[in-house]
Amino acid sequence: MAAKIKKGDKVVVLTGKDRGKTGEVLKVLVAEKRALVQGINLVKRHTKPSAAGEGGIVSRESSIHLSNLALSDPKTGKPTRVGFQMLKDGKKVRVAKRSGETVNA
């Protein structure tokens, strides 16, 4: 199955505490069907001091389930579903269902 949401995509959160917020996908965890989105689902982590850095309370992104994300339409920025289309040269591209625009990458 082809991936509908990929690293670098702009997505909109559909449900949860961050509903309506948008962000860029940093990483997709395919096996768990989850994604890390920049600035979304922030959690506090208590870290010990180490040689790499000092300790303290650090805020960082936690993963969010793919079913709670929708691709942001390239034209309007609203959430949209994703479809696939074959181009004349035989290349398969992702298409935004809302506007019909091809999704970058």
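The residue list Gly16, Gly55, Gly39, Gly20 contains one member that is free of Cβ contacts under 8 Å to residues at least 60 places away in the same chain, in contact with a strand residue (DSSP E or B) (Cβ under 8 Å, 6 or more places away or on another chain), on the phi > 0 side of the Ramachandran plot and exposed (fewer than 11 other Cβ atoms within 10 Å of the Cβ), which is Gly20.
Conditions tested, residue by residue: (1) at pLDDT below 95; (2) touching a Ser or Thr at 6+ places or on another chain (Cβ under 7 Å); (3) closer than 26 Å to Glu101 by Cβ.
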position	(1), (2), (3)
Val12	no, yes, yes
Gly23	no, no, yes
Leu26	no, no, yes
Lys44	no, yes, no
Gly55	yes, yes, no
Asp73	yes, yes, yes
Thr76	yes, yes, yes
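Take Lys4 and tell me if it is touching a strand residue (DSSP E or B) at 6+ places or on another chain (Cβ under 8 Å), closer than 18 Å to Asn104 by Cα and modelled with pLDDT under 95. Taking the combined requirement at face value, the residue satisfies it. Tell me yes or no: at least one residue of region 18-32 is under 11 Å from the mean Cα position of the chain (by Cα) and of a type in the set (Gly, Ala, Ser). Yes, that holds for at least one residue. Each residue in region 61-96 was checked for being closer than 16 Å to Ala3 by Cα and surrounded by fewer than 12 Cβ atoms within 10 Å (Cβ to Cβ), and 6 pass.
The values are calculated or read from the model by the stated rules, or taken from the named source; none is laboratory data. Note that the coordinates shown come from a computational prediction; the quantities given were computed from them, not determined experimentally. As a convention, Cβ positions derive from the backbone with ideal geometry for all residues, glycine included, and neighbour counts pool all protein chains shown.
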